[in-house]
Amino acid sequence: WTSMLAASLLLIACGGESGGGGGDSGPPAVAGVVVKGPVSQATVTVYPITAEGIGFPIGDPVRTDSEGRYSVRNVTNYAGPIFVEAVGGAYVDEATNADAELGVETPLQAYSVIENSVGRTAVNLTPITSFAASRITRDNVGSDRIAISNLNAQTGAAFGLAEIVKVVPTNVLKTKIAPGALSQEDRYGVLLAGISQVALSRDLGPTLQDVFSTFSTDLADGLL
């Protein structure tokens, strides 16, 4: 596993072009994918964040499709900081190729900001956005746009990613990634597979939450 992770990190170090997920067309919404391997049938809820804390959801919770995609209507035309959470659902673990569940005790989470109340905001949920979310929650800065942006960026930089919330990770179980310069999407997909492998080889704990806690603690100083 150590050799496989080293190879993954070597691929990532080769560089590549940046990319993004989601779009600005259509009705007001927050949309993206839930990925730990694509998570199907997860329940996704989007909450507004104010100085008083987490508010009522901006729209009805939705279930992800077979590819992990979701779209929550912004029925309140809210603009500002948001907290997005995906609970439950099933995925295929990249390290073992085995079926796994995203239990209620191990949600995937992300903080972001809706800049345009009548547009669409891309927010993808992954273990890496969860690492960033745990830092934002710990520091109690979920209502601070600049802090959200900075901590998301710092977390991405620690993993060699320019963007962690808007980029859709490549599904490495379905797409072969060739050596050489990698797109941000491919980098992201390789990293998620590498994290799964490290969790097994280093025995970081039996659940995703144990893995999240280990990485987020290590990232407390902004470095991995």
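Read-outs: derived from the displayed coordinates by stated rules, not from any lab. Since we're looking at a predicted model, the values are computed, not measured. Positions of Cβ are generated from backbone atoms using ideal geometry, with glycine treated the same way; all protein chains shown enter the neighbour counts.
Eigenvalues of the alpha-carbon gyration tensor of region 139-187, scaled by 5 and square-rooted, set the equivalent ellipsoid semi-axes at 28, 11, 7 angstrom, largest first.
What's the Kirkwood radius of region 67-207 in Å, using all Cα pairs? It is 16.2 Å.
All C-alpha pair distances within region 16-129, sorted into 10 Å bins from zero, spread as 15, 46, 30, 8, 0 percent across the bins.
Neighbours of Gly88, meaning other residues whose beta-carbon lies under 15 angstrom from its beta-carbon, give a summed charge of -3 when Lys and Arg score +1 and Asp and Glu score -1. Packing order of peptides 125-134, 68-77, highest average first: 125-134, 68-77 (average count of other Cβ atoms within 10 Å over each peptide's residues).
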